[in-house]
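The structure appears right after this line, and notes come after that.
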Amino acid sequence: MAPDVFKLHGEEALWYDPAPDEMQREHVLRAAAACPVQAIQVEWPRAASRENTGEHRGIA
Amino acid sequence: MSQDTKSQDTKPQETTILRQIYDYANRANPYPLWAKLRQTPVSWQEDGPQEAGTYVVSTYREIEALLHDSRVSSDLRNSLQTGGRTRTTTDPYLFISLDPPEHDRLRRLAMRHFGPPERPAYLEQLRPEILRIVTTLLDQLQGQRQLDLVDSFAYPLPVTVICRILGVPQEDEPQFHVWAQAIVESIAAPTEAQRRQQEQARNDLNQYLARLIERHRQQPGDDLLSRMATDTGPDGRMEDPYLVSTAGLLLVAGHETTVNLLGNGMLTLLRHPQVLERLRREPDLIPATVEELLRYEPPVQFLPNRTTLDETPLAGTTIPKGVVVTLALAAGNRDPVRFTDPDRFDPTRPDNEHLGFGSGIHSCFGAPLARVEGQIAFTELVRRLEQPRLVVDPPPYRPSPLLRGPQHLLIAVDGVRESPQQLAPALQR
Amino acid sequence: MRSNGARAAFKDSGRIVIVGASLAGLSAAETLRTEGFTGPVMLIGDEPYLPYDRPPLSKTVPIGWIPPEHTQLPRHETLTDVEWRLGVPATRLDLAGKRVHLADGYTVAFDRLLIATGTRARPWSNPAEASLEGVYTLRGRDDAQRLRQRLAAGPRRVLVIGGGFTGSELASACRELDLPVTVTERGSAPLVGALGSVIAERAATLQRQHGVDLRCQVTVTSLEGDAQGRLRRAHLSDGSTLDTEVAVVALGAIRNSEWLRDSGLAVGRFGVGCDAGCRAIDINAIVTDDIFVAGDVARFPHPLYDYQFLALEHWGNAVEQAQVAAHNMVCAPADRRPHVAVPAFWSSQFGVNIKSVGVPTAAEEVVITQGSLDDACFVATYGNEGQLVAAVTFDQAKWLEHYRRLIEQAAPFPPTFRGVDQPTRMSPVPAGFPDPTAPTHEATVVLTGYDPNERRVQWIPRRYHT
């Protein structure tokens with residue numbers, strides 16, 4: 001879903017970039033929504049949140 | 001608690017709940033029955049007419065526990081029960097009905113060409129192609145005021161996609177549609193006739209695939225069958241009988257289940273027009289909506305083919321060794337102990353760790369593909385269908401209680417909007 | 001009625017100070033707000049950075065996949081209105097006066113305090129050698145940055161001193177960068193302190209299979225530099241020398257508890273003692289009211305392990321314990337929760353995902369319950385006196401939940417049930433944990449006996465500890 005942000009180390013271990021750039025936002029959101037164990041938490045950067053207060057939500 | 005089977009301790013009503021689930025009369029709404037079943041997390045039930053019965057687990061935590069319990073086998077040859085589906089010759093080459101280590105090896109071999117770690121970007125790269133297929137299907141509906149969403153969209157989409165992925169010529173589709181139907185209808189509690197048909201269908205499908213695989217071996221393309229047939233990696237190559245069976249599994253599972261995700265999904269959205277409207281305004285909610293649909297109306301309602309290798313304590317009772325165990329995913333998905341307000345369809349619900357794709361080592365292999373297809377399909381459907389409304393509710397359902405979904409979904413629309421792809425073909429996601 | 005009023009008043013306006021602004025501190029602050037605490041919250045951290053995640057520092061950062069700044073931890077949406085005092089360590093705790101003294105001279109008053117100062121990497125014992133150019137210790141983000149730059153420059157060889165989890169992961173990163181790497185390990189095998197020799201031997205093979213020059217039962221006795229103060233070679237305890245310009249010291253962690261030495265709390269080498277509700281224990285072994293502890297710096301009793309005190313360096317523990325502590329800081333006495341989560345940790349190295357649940361070091365025996373040790377793909381279970389105490393998986397993480405449940409239910413060891421992928425013969429063997437009296441470098445789980453105060457300790461040396 002977001003192969004530049006998440007990658008498998010070996011067969012199992014999931015490594016990820018905790019701060020991917022804006023280009024990855026859609027991919028990361030999709031991954032967060034689809035995570036089978038709902039383990040991905042997303043935080044918007046502060047700057048963006050000032051403009052879109054309605055969007056300033058973490059998806060835990 | 002009763003370990004002995006049918007007669008003594010279980011109340012008469014309880015022994016018929018699963019039978020009622022199987023009964024076609026309840027296909028449109030099995031959820032009150034699942035709710036009744038949840039009153040006893042672990043119970044013995046009689047299922048199909050030819051079956052010897054099965055233990056049923058119906059609550060979320062207990063299902064989760066068994067999906068991770070090493071005493072539970074997916075290989076029915078380990079069952080001590082005789083009769084019924086335990087008599088069905090398990091295909092020894094299908095990883096879905098095998099245990100580790102064989103299961104792990106085969107799944108790894110199949111995954112090499114499908115996703116991470118070797119092909120992490122594969123499915124993401126398929127998105128434009130899938131969008132093109134969706135767009136074409138919807139374009140063909142322009143001008144219609146009434147349409148069957150299953151025949152015109154929910155069925156052709158996954159079929160086209162899986163054929164492209166596997167490298168199966170689409171003109172052969174009508175033939176293996178017949179085989180797929182026969183196989184699917186016999187997964188749970190088949191009649192003797194269905195069982196025979198299934199065996200025949202499997203043989204025919206396997207022969208077809210064996211020929212196809214040989215063709216791909218001679219002239220390999222970039223499809224999955226070519227890759228699986230010619231590639232070698234650290235685990236070696238997948239041997240031919242495994243290859244044929246696995247290809248069949250991916251082919252059948254690749255459309256029979258996704259069809260129902262789309263069919264059940266659109267039915268649900270049409271029954272909840274406020275949600276539909278919200279999705280038009282907030283397409284970012286689509287991925288979460290797909291997950292909620294998988295919880296609310298799972299395409300695979302239960303898993304009927306587990307067995308216990310040993311006594312397994314669960315929820316204050318003990319499941320005996322060697323019995324057939326059915327995991328009622330659809331029941332677990334609506335368990336109020338796990339999900340707040342479980343009968344409410346709510347794409348914004350937090351903490352939606354549903355059982356729609358199972359869990360544990362056998363969790364759905366095709367889940368990433370189903371998600372991608374679902375996300376793209378619903379986005380476009382929501383965007384392009386103008387004022388869609390159900391013509392028939394409930395719709396007629398397909399026969400299977402297990403792979404459950406509408407046979408036809410008749411809807412009325414004011415029209416089908418143009419797609420941006422039509423206006424600006426150069427635009428790509 | 002009155003206690004309700006006092007509690008409500010505290011929840012609205014009591015002042016909470018958290019010393020330690022890393023994973024545990026952040027988790028606690030988030031939980032305080034989620035629980036409805038609206039009073040002032042201050043987080044004090046010795047580093048100048050907002051809380052950041054440590055596991056990536058030995059995995060994704062050294063290989064250059066992510067820059068160190070990306071390790072900043074996401075903050076939950078409920079974390080608002082929190083005061084950050086970063087880049088200033090705490091130096092003293094005035095228990096009676098309820099004040100924390102900071103290095104910049106300021107003091108901070110509190111109504112309730114959470115101690116979450118964690119651990120730091122053990123430095124090289126010789127300060128002159130430690131300051132040689134080319135000698136690194138992975139203390140934090142800045143060190144990770146410096147190490148990354150050095151690895152990117154392509155040194156001819158890297159020496160990793162210490163084969164614990166951090167050392168092994170760094171060695172794995174070096175191999176991923178195709179750098180020659182030597183690992184020295186005091187014990188019989190890497191990870192022996194955490195996994196026991198039977199499983200650790202497989203980890204050793206894994207390293208060698210990936211081209212690591214692994215030297216066990218060997219220590220580095222000195223590091224030698226040139227006239228310009230650059231590292232040139234290492235002297236080993238077996239008499240050999242190793243030419244190298246880069247050495248990473250990975251000799252385990254030290255609790256950041258020195259600042260509490262004279263505070264009147266039960267503080268020792270293994271951290272600050274507390275009860276299962278995270279309330280700190282004082283020097284008389286009496287539980288305090290308003291001082292809480294969470295994370296790497298805490299020592300706490302665990303009911304599943306005979307109430308022995310555990311001191312964990314686990315990511316999961318930092319989060320869970322901090323959440324329990326924060327909840328207990330603001331809830332009604334009747335609503336207190338114990339921190340009884342089964343300990344768990346993970347490591348990813350050399351393409352293998354190693355995970356553990358329970359306390360392996362509490363075990364005498366181990367047996368492979370699923371899979372194959374040779375294939376480095378298995379579930380190993382650990383037991384003590386016929387009871388299951390831990391399970392470790394190599395690339396079989398999906399089964400861990402099952403074993404965690406069994407541990408919680410005090411299941412028998414060796415497992416008596418028939419399950420999938422079982423070896424035909426399952427006979428337990430001694431797990432091979434090192435002699436507890438011999439010091440080694442790293443234990444991510446330490447069983448430290450009943451008495452929380454080091455000065456009155458008579459260690460029961462039945463288990464491994466540093």
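What to note about this one:
- Anisotropy class of chain C from Cα gyration tensor, a/c 1.5 cut: oblate
- Shape call, the stretch C:132-184: gyration tensor on alpha carbons, a/c limit 1.5: rounded
- Charging the Cβ of each Asp and Glu at -1 and of each Lys and Arg at +1, and nothing else, the dipole of chain B about its Cα centre rounds to 260 debye.
- Ratio Rg/Rh [Cα only; Rh per Kirkwood] for the stretch B:93-210: 1.03
- Estimated D of the protein assembly as shown in µm² per second, where Rh is the Kirkwood radius over Cα pairs and Stokes-Einstein applies at 25 °C, 0.890 mPa s: 81
- Label-reachable residues, the stretch C:33-52, where backbone N falls under 14 Å from a point 7 Å from C:Glu83's Cα toward its Cβ: C:39-45
- Only the Cβ atoms of Lys and Arg (+1) and of Asp and Glu (-1) were treated as charged; on that basis the dipole of the protein assembly as shown about its Cα centre amounts to roughly 840 debye.
- Estimated FRET transfer efficiency when R0 is 60 angstrom, pair C:Ser237-B:Glu199 (beta carbons, to 0.05): 0.30
- For peptide B:281-290, the mean count of partner chain Cβ atoms within 10 Å of a residue's Cβ comes to 3.
- Volume per residue of the convex hull around the Cα atoms, evaluated for the stretch C:16-140, comes out as 126 Å³.
- A simple spin-label model places pseudo-atoms 7 Å from Cα toward Cβ; at C:Cys331 and C:Leu50 they are separated by 2.9 nm.
- Relative to the current alpha-carbon distance between B:Thr16 and B:Gln207, full extension at 0.36 nm per residue lengthens the span by 64.8 nm.
- Mean ellipticity per residue at 222 nm, deg cm²/dmol - from DSSP H runs of n ≥ 4 across chain C, formula -39500 (n - 2.57): -6500 deg cm²/dmol
- Rounded to 0.05, the FRET efficiency of the B:Leu80 and B:Asp240 pair, given R0 = 41 Å and the Cβ-Cβ distance, is 0.80.
- Both radii were evaluated on the Cα set of the stretch C:106-202; the Rg over Rh quotient, with Rh as the Kirkwood radius, amounts to 1.09.
- Net charge dipole size for the stretch C:30-101 [Lys, Arg +1 and Asp, Glu -1 on Cβ; Debye, nearest 20]: 220
- When the charge dipole of chain C is built from unit charges on Cβ atoms (+1 for Lys and Arg, -1 for Asp and Glu) and taken about the Cα centre, the candidate among C:Gly252, C:Leu113, C:Ser172 whose Cα reaches farthest toward its positive end is C:Leu113.
- Ellipticity estimate at 222 nm from DSSP helix runs (n ≥ 4, -39,500 (n - 2.57)) divided over chain B, nearest 500: -13500 deg cm²/dmol
- Given charges at Cβ of Lys, Arg, Asp, Glu: chain B dipole, positive-most of B:Ser245, B:Gly143, B:Gln301: B:Gly143
- Efficiency of FRET from Cβ geometry, C:Asp374 and B:Gln142, R₀ 60 Å, rounded to 0.05: 0.45
- Rough spin-label spacing in nm, given labels placed 7 Å along Cα→Cβ, for B:Glu129 and B:His177: 2.2
- In nm, spacing of pseudo-spin labels at C:Asp143 and C:Gln72 (7 Å Cα→C-beta vector): 2.3
- Taking other residues whose beta carbon is less than 14 angstrom from the beta carbon of C:Val293, and scoring Lys, Arg as +1 and Asp, Glu as -1, yields -2.
- In summary, the aspartates and glutamates within cross-link reach of C:Lys59, defined as a Cα separation below 16 angstrom excluding same-chain residues under 8 places away, comprise A:Glu11, A:Glu12, A:Asp17, C:Glu69, C:Asp142, C:Asp143, C:Glu169, C:Glu176, C:Asp178.
- Positive-end extreme of charge dipole, the protein assembly as shown - chosen from A:Met1, C:Val366, B:Gln125 (charges on Cβ): C:Val366
- The ratio of the alpha-carbon radius of gyration of the stretch C:384-424 to the globular-protein estimate 2.2 N^0.38 Å is 1.15.
- Overall form of the stretch B:277-412 per C-alpha gyration tensor (a/c, 1.5; a/b vs b/c): prolate
- Cα-derived Rg over Rh, computed across chain B with Rh taken as Kirkwood radius: 0.96
- Label-zone membership for the stretch C:107-139, site C:Ala153, 7 angstrom Cα→C-beta point, backbone N under 16 Å: C:131-137
- Ellipsoid semi-axes in whole angstrom, largest first, where each is sqrt(5λ) of the Cα gyration tensor of the stretch B:238-355: 31, 23, 10
Here, each number is a calculation from the coordinates, and none is a lab measurement. Note that the structure is a prediction, hence the values are computed from the model and not measured. Every residue, glycine among them, receives a Cβ derived from its backbone with ideal geometry; neighbour counts consider all protein chains shown.
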